[in-house]
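The values are calculated or read from the model by the stated rules, or taken from the named source; none is laboratory data. This one's a predicted model, so the numbers in the text were calculated from it and none came from an experiment. Methodologically, a virtual Cβ is constructed for each residue, glycine included, from the backbone with ideal geometry; neighbour enumeration extends over all protein chains shown.
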Amino acid sequence: MILVVAAVLVDVLAAPSRILAARRRTPAALAGFWEFPGGKVEAAEGPVDALHRELAEELQITVELGAELENPAGGPWPISGEHELRLWFARINAGVPTATGSHDALRWLTAGQLRDVPWLPADTAIVDVLAGSVG
């Protein structure tokens with residue numbers, strides 16, 4: 001199983017009111033869908049280290065991590081038969097989020113706007129959980 005890590009980037013960890021979503025540019029099958037930024041954990045790399053690396057590479061930011069958003073069904077969130085996802089709440093502590101590489105747009109969303117963008121199918125269950133926790 002390939003582990004993917006991502007961040008639910010929020011404006012404030014204690015009482016978030018907005019979440020940053022990233023729109024996929026590549027690959028073609030995923031282009032136009034929105035997701036939580038992150039990426040694959042590399043060999044000999046821990047999940048938290050991978051998340052910090054991916055956010056620095058993809059968005060040119062550093063973050064303070066909050067709690068992990070656990071799957072209510074237990075274990076990591078399923079992505080596909082080969083991939084599973086772990087994600088953490090995070091707050092930007094340095095840098096300005098910039099869409100680079102696999103993303104072509106970023107958007108801050110309130111709870112009421114979470115369903116205004118087409119999320120990757122694997123992220124819709126996460127969005128359902130978040131809709132009740134973002135003020």
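Things to note:
Conditions (1) over 19 Å from V10 (Cβ atoms); (2) touching a Ser or Thr at 6+ places or on another chain (Cβ under 7 Å); (3) modelled with pLDDT of 95 or more, marked per residue:
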site: R23; (1), (2), (3): no, no, yes
site: A28; (1), (2), (3): yes, no, no
site: G32; (1), (2), (3): yes, no, yes
site: V41; (1), (2), (3): yes, no, yes
site: G75; (1), (2), (3): yes, no, no
site: R86; (1), (2), (3): no, no, yes
site: A105; (1), (2), (3): no, no, yes
site: W108; (1), (2), (3): no, no, yes
site: G132; (1), (2), (3): no, no, no
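- Contact map, the stretch 32-49: residues that are in contact (Cβ under 8 Å) with a residue 12 or more places away in the chain paired with residues that are assigned to a loop (DSSP other than H, G, I, E, B) and β-branched (V, I, T), Cβ distance under 6 Å, separation 6+ or inter-chain. Pairs shown: W34/V117; P47/V41.
- R91 fulfils the conditions (1) touching a residue at least 60 places away in the same chain (Cβ under 8 Å); (2) closer than 21 Å to V12 by Cα; (3) over 14 Å from the mean Cα position of the chain (by Cα) except for a single criterion, (3).
- Among the residues of the stretch 1-26, those identified as assigned to a loop (DSSP other than H, G, I, E, B) and touching a residue at least 60 places away in the same chain (Cβ under 8 Å) are M1, D11, V12, L13, A15, P16, S17, R18, R25, T26.
- Test: E84 is buried (at least 17 other Cβ atoms within 10 Å of the Cβ), out of contact with any helix residue (DSSP H, G or I) (no Cβ under 9 Å at 6 or more places or on another chain) and among the acidic types (D, E): yes
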